[in-house]
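The values are calculated or read from the model by the stated rules, or taken from the named source; none is laboratory data. Not measured: the values here are computed from a predicted model. No Cβ is skipped: glycine too gets one built from the backbone with ideal geometry, and neighbour counts run over all protein chains shown.
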Amino acid sequence: MKRIFLLLPLIALAAFAQDGTTLYKQNCASCHDGGMDRAPSREALRAVSAEQVLAAMETGPMISMASRRTAAERRILAEFLTGKSLGTKLETTPRRKRCAPSPARTFPPGPPGSAGA
């Protein structure tokens, strides 16, 4: 029984690596392994942080390509490409947006000097 518990982290790591490998081959390799001038190689990506790669996919130059992937897939790719873990967990619970109350308005506004203006 103890052997199973020892193997679980290895199985999870293998599944994670496979997902990263598969995602990379299906979505990234054609440019990043293809010698495109604008696409850094996998070796170059290993020199940066997972956060930098994730930021490139979510708000930077890779946004148009990576937007087709889920947030979880982008995180898997960032960690796979860099060989480093992200410092924060994926937040899946929606956050409630708190807005400041707006001043009361009447619509449509009346002509200047009227009560609705």
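Quick look at the values:
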| read-out | value |
| --- | --- |
| Given (1) touching a Gly at 6+ places or on another chain (Cβ under 6 Å); (2) loosely packed, with under 14 Cβ neighbours inside 10 Å; (3) at pLDDT 80 or above, number of the condition Pro109 does not satisfy | (3) |
| Of all residues in region 65-87 being assigned to a loop (DSSP other than H, G, I, E, B) and more than 12 Å from the chain's Cα centre (by Cα), the one that is surrounded by the most Cβ atoms within 10 Å (Cβ to Cβ) | Lys84 |
| Any chance Leu90 is modelled with pLDDT under 90 and either of a type in the set (A, V, I, L, M) or surrounded by 13 or more Cβ atoms within 10 Å (Cβ to Cβ) (or both) | yes |
